[in-house]
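Written below as structure tokens is the structure these notes are about.
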Ligand code: ADP
């Protein structure tokens, strides 16, 4: 058979998912398809991973805009995945090349793990020779081979293990953590009731990411990960640590074991063995829970939807811009920045990890996982140990206060601060009810056990008030700080918390009691704080909004319906834009861009046309402060009136439910990193006798600090948000995937 197909004018892209499935793959596929179509290209799904190319026929089918509608919220991968043995063979890849070219495809987006990516690289390397062979055998016309001299590609990492070296987050890892934390939270309550022990086994053959992060976010007592096998005698040390935790006030014991855990002799450490140790040596009633494939299941988290959508968008642009000479990258994240890393190097470094473990170079194995992973390992060791360190020169009395609006994760941050602070030799105090409470002297000492239940609970046990201190409050506040001998203040909260800290800092010349370091930790669902890309609570709020959107969509499925959903955020559009991406919105309305009548009119016309052509559902997300006149109600009425009966319109103002959720894994982990850093800075300043204070934040992958004096430097004070907001980079992504050009 001779194929004479030529590519024609339209660029053609193939997309496939391969290896283990991961939640968020659908979001990436949808984004690749829609971005490519938005840019005038055609996309072909290759079903069942590489096998679809090997088989050809129905294994390769074009996808249209609507074919990838309503898949964002689904787990797994709709185009199937497979571990193809055939593709590992020359003959298999030969058939794959022939079948791809039958569709004029020489550009691929592959979403998979390191195995799939190395298969892709093999295919790229073989391509010219495969084509030469096909031409020689008469299966391919020379001019077709000439028109496609190279395979161009972009790789995305789909892996719940988060194991690719060089990127911070892989598609599916955040959702897997959601599943694990749901289980650990559920087990914790039953375990605490019976004072029982649980051993929880999570996935991760060579990578301890899920185990370590689950241990920190789940308040577990001990974690065994492949990168850092426990040294001989670990059973005694584990039992000793668990005993100390029980004596310190823990009512249950939770040990997390990665499925690939081994000891230093290379012998597997099974969850069953850990149970036996706990039962034999501690006499604990111990149960094992192996989470297994539950971790791969369920609806993707908000992060795995918006971030995978971004990756898919970038991958499509990458392959569209590729030329036969370009080397395809793996596209991933460093923090909240999209990065392109060389595929061969990323795969090679990923595969070094098991080697490093085998050779006993555990430090290097940990280092391969990146700074945040190592940082979390160190934080975990401190969090679980209730024994207080020797009092050092920096050991002082540190008070924790919340202010601003309520943010999920405030409790986690306060709990972690108490435990880390105690561990570092400080006395930890809790101030009740924000600055009014401080004014009234509501300050209590907090012990290790007092914060036992705070980790996963919604709300703020210490109480939170928006009220800023008034000038009259300053004297009683400084008296209260003096009375309780407060040496340092940890302010966990939102905009008003930061401004209050700034005020106290400025007034320190007049009130000597205010000459203490004050450190701010960002906690606000609005995500509008200085010096940080994300604040504690924003991810939880985002998940709540995304789930609400999912339900609204189901409710509207039976009718032709347009929804206008209003999110919180004050003047910051992060929640609106990110939930618009995660929920599959066609439009978002942000204060950053404003709303004009001309745009609304264009939207109405587009909507009418679109519903006329068969659309069933439309979703717009509007930030609460997007425009003072074009309110959610106004927009909904305009859409309804102008729709002339083609569709009906419902509005949903989500309101305070957005502040009410139990913190997500990402918010708990962020809280741990931020308070750990804030306490370090406090400790340093106390030891040095300084009172500069500061605020901490996530900047790319790192936790950074800035001095309080600079608090308002880069802020748009009128609109209470940073002048530069990194997430505005998502704006074109939503346009590309939300706005069908047809
Ligand atoms: P993951 O992508 O999740 O790491 P695997 O390691 O199972 O999963 O790889 C997925 C598929 O990628 C394999 O079934 C095979 O089809 C393909 N593949 C992996 N390595 C190679 C290789 N060296 N050559 C060709 N194909 C490969």
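The values are calculated or read from the model by the stated rules, or taken from the named source; none is laboratory data. Model, not experiment: these values are computed from the prediction. Cβ placement follows ideal geometry from the backbone for every residue including glycine, while neighbour counts extend to all protein chains displayed.
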Mind checking whether some residue in segment 665-682 is within 28 Å of residue 32 (Cα to Cα) and free of Cβ contacts under 8 Å to residues at least 12 places away in the same chain? no
For residue 421, are the conditions met, namely being under 24 Å from residue 388 (Cα atoms) and in a strand (DSSP E or B)? no
Scope segment 647-661; condition in a loop (DSSP other than H, G, I, E, B) and modelled with pLDDT of 95 or more; matching residues: 647, 654
Quick check: anything in segment 503-513 out of contact with any strand residue (DSSP E or B) (no Cβ under 9 Å at 6 or more places or on another chain), buried (at least 22 other Cβ atoms within 10 Å of the Cβ) and farther than 26 Å from residue 595 by Cα? no
Among the candidates 481, 438, residue that is over 26 Å from residue 666 (Cα atoms), touching a strand residue (DSSP E or B) at 6+ places or on another chain (Cβ under 6 Å) and crowded, with 23+ Cβ neighbours inside 10 Å: 438
Is it the case, given these coordinates, that residue 160 is assigned by TED's automatic domain parsing to the domain that holds residue 286, crowded, with 22+ Cβ neighbours inside 10 Å and within 28 Å of residue 546 (Cβ to Cβ)? no
Hey, residue 556 in contact (Cβ under 8 Å) with a residue 40 or more places away in the chain and either within 22 Å of residue 732 (Cβ to Cβ) or in contact with a helix residue (DSSP H, G or I) (Cβ under 7 Å, 6 or more places away or on another chain) (or both) or not: no
Can you name the residue in segment 155-166 that is more than 14 Å from the chain's Cα centre (by Cα) and outside any strand (DSSP E or B) and, of all such residues, is farthest from the ligand (Cβ to nearest atom)? 166
Could you please find all residues in segment 437-477 being touching a helix residue (DSSP H, G or I) at 6+ places or on another chain (Cβ under 8 Å) and part of a helix (DSSP H, G or I)? 438, 439, 449, 450, 451, 473, 474, 476, 477
